[in-house]
Amino acid sequence: MSKNKSKDSHNLVLSTQRADGRKQIAEAKLLRFKNRTTHRRYVIDMSSPEFTCMCPVSGFPDFATIHINYVPKDWCVELKSLKLYINQFRDQGIYHEDVTNKIMDELVELLDPWEMKVTADFMVRGNIKTIISANHLHLKVGKERWVVKDN
């Protein structure tokens, strides 16, 4: 092999071929994997600071940071699938409240966590700042619960 060919193998070659991101997003499904640390409670915090959806009334884009905080029971969410799932909202006309609760419902159904909180912190639009939070506690009671709720 010549010296020039060896150097060329380290150069970046631009191509018109690339992954079809729109197709990956459209076909995305939330995935999970087994929680390998079930002997203790721990918290997983995730944020998606580039969330977008569309206002169902005006059609204008809405921008938010989505915060997901949960205590896994048997399952953890796979991050690439979550990223693609979050991007499915980009062209969807949906209210802020519905975004938050839909994400919560689908993650709870997938993971059945001990606890979960989803917060959607939307940017100001029309002089209104909106922050929506949804909380979930596992149905199992007693010492199994991470947080004991005061009555």
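What the table shows:
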quantity	calculated
Condition met for residue 9 (within 30 Å of residue 124 (Cα to Cα) and either surrounded by 10 or more Cβ atoms within 10 Å (Cβ to Cβ) or at pLDDT below 95 (or both))	no
Number of the exception - residue 129 against (1) surrounded by 15 or more Cβ atoms within 10 Å (Cβ to Cβ); (2) more than 22 Å from residue 24 (Cβ to Cβ)	(1)
Some residue of region 82-90 being within 13 Å of residue 122 (Cα to Cα) and open to solvent by less than 70 Å² (accessible area, probe 1.4 Å)	no
Residue count, region 87-97 (criterion: charged (D, E, K, R) and more than 14 Å from residue 133 (Cβ to Cβ))	2
Residue list for region 125-136, restricted to those being at pLDDT 95 or above and either among the hydrophobic types (A, V, I, L, M, F, W, C) or part of a helix (DSSP H, G or I) (or both)	131, 132, 134
Residue within region 113-122 that is at pLDDT 95 or above and open to solvent by 30 Å² or more (accessible area, probe 1.4 Å) present	yes
Boolean, residue 67 is at pLDDT below 95 and not aliphatic (A, V, I, L, M)	no
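The values are calculated or read from the model by the stated rules, or taken from the named source; none is laboratory data. A quick note: this is a predicted structure, and the numbers were derived from the prediction, not measured. Cβ coordinates were reconstructed from backbone atoms using ideal geometry, including for glycine residues, and neighbour counts include every protein chain displayed. For the accessible areas, the whole protein counts, side chains as well, though only heavy atoms, and no ligand, DNA or RNA atoms are used. Shrake-Rupley method; radii C 1.70, N 1.55, O 1.52, S 1.80 Å.
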